[in-house]
Amino acid sequence: MRKAMVDREGCRLSVWRQCELLGVNRNRLEPRRAPGLARGDLAMAHRIDELHLRFPEFGARRMGKWLLREGWKEATRRTVARIMKAIGREAIYRKPRTSPAAAGREVYPYLLRERVVGEPDEVWCADVTYI
């Protein structure tokens, strides 16, 4: 709460002095960041958007390698991932379906839903997931 009290814009006191008076460590303040992308990232974001339309299955790693081949020297995986997240792009691929239900399988009712278990050894359970 004290970090939120530090005013960077409208106060006559410096940020350093405000932190000192509030007992807040100045390096714990969130860095001031402009909303959106930096000016240098806009051109890369535009190119990523174009490539995403052609290759929607590319993630940040393959997109970064593609951009490096095109001559973008600053196209690291982390930079590309940050820009893709900022413009709302993610790789389209088949996600794992680990436990799909079989077609036509019988669904058994849960018999203990309304029952209040009040004594020991009243209800038993077995786990057969390893079988």
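A few comments on the model shown:
- The set of residues in segment 27-40 that are modelled with pLDDT of 75 or more and basic (Lys, Arg) contains only Arg39.
- Test: residue in segment 45-64 that is assigned to a loop (DSSP other than H, G, I, E, B) and either of a type in the set (A, V, I, L, M) or at pLDDT below 75 (or both): no
- Which listed residue is touching a helix residue (DSSP H, G or I) at 6+ places or on another chain (Cβ under 8 Å) and among the small types (Gly, Ala, Ser), from Ala38, Ala43, Ala102, Ala81: Ala81
- Filter result for Val107 (assigned to a loop (DSSP other than H, G, I, E, B), out of contact with any strand residue (DSSP E or B) (no Cβ under 6 Å at 6 or more places or on another chain) and of a type outside the set (Lys, Arg)): yes
- Of the residues in segment 79-102, at least one is more than 26 Å from the chain's Cα centre (by Cα), more than 30 Å from Asp49 (Cβ to Cβ) and in a loop (DSSP other than H, G, I, E, B).
- Which listed residue is surrounded by 10 or more Cβ atoms within 10 Å (Cβ to Cβ) and without any contact (Cβ under 8 Å) to a residue 24 or more places away in the chain, from Gly118, Gly64, Gly23, Gly104: Gly64
- Meets criteria (surrounded by 11 or more Cβ atoms within 10 Å (Cβ to Cβ) and modelled with pLDDT under 90) for Ala86: no
- Residue count for segment 67-81, restricted to those that are surrounded by 13 or more Cβ atoms within 10 Å (Cβ to Cβ) and touching a residue at least 24 places away in the same chain (Cβ under 8 Å): 4
- Test: residue in segment 63-71 that is among the basic types (Lys, Arg) and over 19 Å from the mean Cα position of the chain (by Cα): yes
The values are calculated or read from the model by the stated rules, or taken from the named source; none is laboratory data. Fair warning: this is a prediction, and the values are worked out from it, not measured in the lab. Note: ideal-geometry Cβ built from the backbone for every residue, glycine included; neighbour counts use all protein chains shown.
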